[in-house]
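Reviewing the structure listed below.
Throughout, read-outs are computed from the coordinates displayed, never taken from laboratory work. Bear in mind that the values here come from a model prediction, so they are computed numbers and not experimental data. No Cβ is skipped: glycine too gets one built from the backbone with ideal geometry, and neighbour counts run over all protein chains shown.
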């Protein structure tokens, strides 16, 4: 027994020696085993030699796995290492997202859910509590002993400037991280006016809110608009029915004026992110948000993340042709685009022609609810056109859910039921039967909520960077330019 104990101690020392000597030089498991042979070959029974191999090589595999977890790929596909700051940032994101998604967690719960060590959890949670983003309070105890301390996400610790811009209006709100509106303002926009004059209304609206709420901590600005957007560059390339907008440098204009990090997104993409956080997309990782309004577009969520495509273009289903030979010409350069036939303007025009007089959208809603046969026939045709494009979308993406929003979607069954029938009849192998089709449950403020959640999503991805940067510590007074 003494001999065995001696040899086990010797094996431990051998193991430490091998790791210290060869760790910097060993590139593979095979090399490590080969170099361990000299220490192991004469070291006793087979079962003990196997145990030593397992200890050495197991440690190597664990360390290699850790190294690989701390590697990422840059845009060119090459592996790039992570330094201590980036690892800390990633761990902070993991912890904050877990608290955000699951309230009333203890620190022990975080250890179990994240796999991080207790000291790491304690250190990062203390930082988040110090920043005010997380609060601690006594929880309820199911047995004897002290009540656990539970952690909650504090949505009112920071605010976001949310901007909803279109050819008809600009709406600006100060929103907390939980989606609540602290204050808002709205101004009419002239789509035929010079963009310099019209965008000044955006700047004035933001300034007005900041002046009214000095001292609140703002983490960024979210800007949502219809049309062609280069989100990476922060540029609005064009907006339907707004001819003076060409390559509008939104990020540069807002950041230079107010100093907050600014994120620019297409309205359908922004609304899709809002659905992921607050709406019908919370319980699914793959869905498509379809906006039916004056324009028609889609925001695509894949694996819980927004798919933005390349070149600033994704989800432009409104510019899919439904009449490519003899269709109307579209501003995009295509012919027969869906939104020219099933968008809000086309619905108003065709329903007015059917009624023999100019109708407002509200009147169309009333006539449809009263069962007017002519109006219902027009809406049925529009719904079928949308259905044909939904068939292509389902056959291409096979999403778990399609969520409809916008004024046209608000018409309900007269539009949606014909669309669903076309999907049921024409989708590949009736796969549409597996796709959930629903209408957004978010309020009329969904566009503002979308602009806000674009920033919230980035904040939860990199909270450490936001909270420690100069911009992340800005108060409203710092952004006034006063």
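Here is how the numbers come out for the structure above:
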quantity: If the convex hull is drawn through the Cα atoms of segment 282-439, its volume per residue in Å³; calculated: 123 Å³
quantity: At R0 = 41 Å, FRET efficiency that the Cβ-Cβ distance of residue 97 and residue 396 yields, to 0.05; calculated: 0.85
quantity: Over segment 116-222, volume per residue of the alpha carbon convex hull, in Å³; calculated: 146 Å³
quantity: Segment 287-351 and segment 200-221: distance between their alpha carbon centers, rounded to Å; calculated: 33 Å
quantity: Rounded if a/c under 1.5, otherwise prolate or oblate - segment 340-394, Cα gyration tensor axes; calculated: prolate
quantity: Rounded if a/c under 1.5, otherwise prolate or oblate - segment 200-286, Cα gyration tensor axes; calculated: oblate
